[in-house]
1. Between Arg151 and Leu55, what is the FRET efficiency for a Förster distance of 30 Å, r being their Cβ-Cβ separation, to the nearest 0.05?
2. In terms of modelled amide H atoms, which long-range or inter-chain residues lie less than 5 Å from the amide H of Leu16?
3. Convert each backbone phi in segment 137-153 into a coupling constant with the Karplus relation 6.51 cos²θ - 1.76 cosθ + 1.60 (shift: θ = phi - 60°), then list the ³J(HN,Hα) values in order as whole Hz, x for Gly and Pro.
4. For segment 1-155, what is the largest minus smallest coordinate of the Cα atoms on each principal axis, given in angstrom and ordered from greatest to least?
5. Could you tell me the distance between the Cα centroids of segment 4-56 and segment 207-281, to the nearest Å?
6. Can you list the lysines whose alpha carbon is less than 19 Å from that of Lys87, not counting same-chain residues fewer than 8 positions off?
7. Could you name the aspartates and glutamates whose alpha carbon sits less than 12 Å from that of Lys207, not counting residues in the same chain fewer than 8 places away?
8. Along segment 273-279, what does the Karplus equation 6.51 cos²θ - 1.76 cosθ + 1.60 (θ = phi - 60°) give for ³J(HN,Hα), rounded to whole Hz, x for Gly and Pro?
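Taken together, the values in this text are just the output of simple stated rules run on the coordinates, not laboratory data. Worth saying up front: this structure is predicted, and the values here are computed from it rather than measured. Every residue, glycine as well, gets a Cβ built from its backbone with ideal geometry; the counts of neighbours run over all protein chains shown.
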Amino acid sequence: MKYNILGRTDLRVSRLGFGCGSIGGLLVRGEYPKMRQAVSRALELGINYFDTAPLYGNGQSEVNLGAVLRELRAEALIGTKVRLTGKDAGRIGEAITGSVEESLHRLGRETIDLIQLHNRIGFSWEREKDPDRIGLPDLDTVVEVFAMLERQGKVRFWGITAMGETDALRAAIAKGGFQSIQIPYNLLNPTAGEAAGEGFPFQGYGKLIGRAAQQGIGVIAIRILAGGALSGNPERHPVASNCVNPIASEEVYGDDVARTRRYSFLVEEGMVSNLVEAAVRFVVSNANVSTALLGISSLEQLEQAVKYVELGRLSAETLAKIRG
Ligand SMILES: NC(=O)c1ccc[n+]([C@@H]2O[C@H](COP(=O)([O-])OP(=O)(O)OC[C@H]3O[C@@H](n4cnc5c(N)ncnc54)[C@H](OP(=O)(O)O)[C@@H]3O)[C@@H](O)[C@H]2O)c1
């Protein structure tokens, strides 16, 4: 496993990170022995970064991750999150501090390595219309609170989720004040890494990965398999969430699966063994990605993804064919 330093932090993160979210679902709905086996194997394979959030299984993901890592006596890096609701306007400090305390308790830790804002970001917080999307002035407050928690020793570093309005995200990254972004980046929507082609049908992420890297901000790629659609298989694993809301791609999951077929030629022409390999290696090909998170439903999926990461970047010829 190769490692990257996450932006200007001193966190040395594995190129593949373990996603403990609800979509893959292993750390939320799995049987405990299977979670332990998968986390143990991940550590053995060199994965040292685990991403969770209070929202994943209503705290269950943090509880399970904390329990497994304690049992394994593992020194892993943990990133978790804070999501503000419309009711938190005017009490951002209190809301974040309370959420971080609860996460520390569920994880059974004294410090969180990386705390991240889970909300989308826009220019202003329209609490009635879109309570999840906070505004840039509120982000300034969030950053101040995160910095205070760092001084108190509760968190080591902090970051944002780079979802919401692209122009607002561009402004947030230009201003900085945080050490990492989590950003959707995959074959169906690669615009966080490269220019959108003519008539690109989804939200463009304006090459924010390169902008963040230039500012010394660490980049955590999310949704690298578009929630599973990039496997090309519409069926969901039994522990996976059976309802995936696409992020910045088609409206419904089935259409993402169908869209994935436009990359079948990569398999037919022998450039990769399957679409999951293409998708994983596509993300790994971007040198500005510090770590790519994978949602996991089973040990087999983990083993396979690690194998593909180890194969490294796609060839220049394959990347050129993908870009058409
Ligand atoms: N900050 C945020 O707002 C945010 C948003 C999204 C995600 N995240 C983070 O990113 C992580 C990953 O995102 P995600 O789980 O949403 O999406 P993802 O990694 O794109 O997709 C996960 C799905 O891919 C499929 N998969 C995984 N490995 C596979 C393999 N080897 N072969 C075939 N299929 C495979 C599984 O589907 P099946 O189960 O159907 O097989 C799994 O449920 C999350 O766990 C979370 O930590 C953060």
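1. 0.70
2. Residues meeting the amide H criterion: Ala292.
3. Using θ = phi - 60°, the values come out as x, 5, 4, 4, 5, 4, 4, 4, 5, 4, 5, 5, 5, 5, 5, 7, x Hz.
4. 44, 33, 24
5. Taking the Cα centre of segment 207-281 as reference, the centre of segment 4-56 is 18 Å away.
6. Correct list for Lys87: Lys129.
7. Cross-link targets: Asp167, Glu194.
8. Per-residue couplings from phi come out as 7, 7, 6, 5, 4, 4, 5 Hz.
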